[in-house]
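Below is one structure, written out as structure tokens, with a few remarks after it.
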Amino acid sequence: MTTTAQDRESIDDTANPLGLDGIEFIEYLTTKPQALGQVLEMMGFVPVARHRSREVLLYRQGGINIIVNAHAIDLPDGAMQQSKPTIAAIALRVRDASAAYNRALALGAWPVPPRVEVMELNIPAIHGVGKSRLYFVDRYDKFSIYDVDFVPVPGTNQHPPTTTGVHFFGLVQYIGNYRMEDWSEFYRALFGFTALPSGQRFGILPKGRVLASPGAEKSCFYIQLIEPEPTVLDIEGEECWQRIGLGTYDVLQTARLLMDRGVAFVESHSIHTEGRGALTKTWLGSVSFELVQDTRQ
């Protein structure tokens with residue numbers, strides 16, 4: 001993405017210090033890429049491209065990109081015993097990746113050493129929750145990162161349509177005891193997130209604190225921070241990304257279409273599919289999606 005000198009100077013805007021412009025992709029690490037791929041296809045995603053040198057597939061519907069990474073060198077120690085897929089990275093769209101990365105480091109973020117092979121892009125990243133990474137991507141308009149690192153799957157529509165306008169709405173992050181203020185400050189100081197009023201909630205799972213990203217309304221997304229139940233005294237090492245939130249203008253219609261594809265939703269006394277939202281069952285021990293009513297798009 002081409003940026004002008006004026007754009008680079010505007011990176012210092014205090015309301016949006018890194019020039020955040022939404023989510024480019026979410027990456028899962030897994031030892032069972034075919035099983036995870038089947039889940040994603042049930043959810044309406046299509047495998048559109050394969051990485052040139054790694055065991056990595058790109059799934060897409062509309063503007064949502066999900067990467068399934070089964071490349072051995074990227075898998076953590078003990079991954080063969082730990083077969084649950086994990087959300088390992090979030091790629092954030094920014095106006096200038098280098099400027100955003102350097103500013104994040106200046107504000108105290110921890111850099112992630114690059115693992116770039118021949119003919120691959122060097123995408124800067126910092127450490128996120130747990131062992132995850134937060135990438136900075138500024139190539140998402142006319143020229144994208146996938147044009148360099150991926151090869152299209154032959155005969156596949158590279159821009160498959162969405163299920164009733166589904167789009168990235170946000171993510172749920174599980175945090176440790178007494179860590180709410182720490183994580184709120186992390187996202188506020190580095191990225192310019194703001195906490196929503198306690199009475200403003202989305203979907204059907206209203207726990208925790210919701211943070212809104214800066215930037216234009218159409219690219220705004222949310223992070224929901226959830227602490228353990230009061231009876232859980234110690235969950236050291238279990239802070240992680242828990243699930244992806246997908247926005248849709250019509251939750252019930254989207255849920256019906258997904259159920260026709262085999263997606264099952266949680267139906268209990270406290271959680272059930274309704275106009276405000278819906279929660280899928282959990283696959284492979286860790287993968288679930290939350291539908292949230294969002295009329296912005």
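No lab work stands behind these numbers, since they all come straight from the coordinates. A quick note: this is a predicted structure, and the numbers were derived from the prediction, not measured. Cβ placement follows ideal geometry from the backbone for every residue including glycine, while neighbour counts extend to all protein chains displayed.
Model label points for residue 194 and residue 151, set 7 angstrom from Cα along the Cα-to-Cβ axis, are 4.8 nm apart. Apply 1/(1 + (r/R0)^6) to the Cβ-Cβ distance of residue 121 and residue 159, taking R0 = 25 Å, and write down the FRET efficiency to the nearest 0.05. Rounded to the nearest 0.05, the efficiency is 0.75. Place +1 on the Cβ of every Lys and Arg and -1 on the Cβ of every Asp and Glu in the chain, take the dipole about the Cα centre, and give the residue among 111, 63, 254 whose Cα lies farthest towards its positive end. The residue sitting most towards the positive pole is 254. Looking at the stretch 167-293 alone, DSSP beta bridges between its own residues are antiparallel in about 65 percent of cases. Expressed in Å, the radius of gyration and Dmax of the Cα atoms of the chain are 18.6, 56. Note on the stretch 122-258: with charges restricted to the Cβ of Lys and Arg (+1) and Asp and Glu (-1), its dipole about the Cα centre is near 400 debye. Annotated for the chain: lysine pairs at least 8 residues apart or interchain, Cα distance under 21 Å, count 7. The coefficient of translational diffusion for the stretch 167-293, derived via Stokes-Einstein from the alpha carbon Kirkwood radius under 4 °C and 1.567 mPa s, stands at 83 µm²/s.
Placing a label point 7 Å from the Cα of residue 105 along the Cα-to-Cβ direction, the residues of the stretch 14-33 whose backbone N falls under 17 Å from that point are 18. Between the residues 172, 193, 263, the greatest Cα displacement towards the positive end of the dipole of the stretch 167-293, with unit charges on the Cβ of Lys, Arg, Asp and Glu, is found for 263.
Run through the DSSP bridge list for the chain and note the antiparallel percent, rounded to the nearest 5. Antiparallel: roughly 70 percent of the beta bridges in the chain. What you get for the chain, charging only the Cβ of Lys and Arg (+1) and of Asp and Glu (-1), is a dipole of about 540 debye around the Cα centre.
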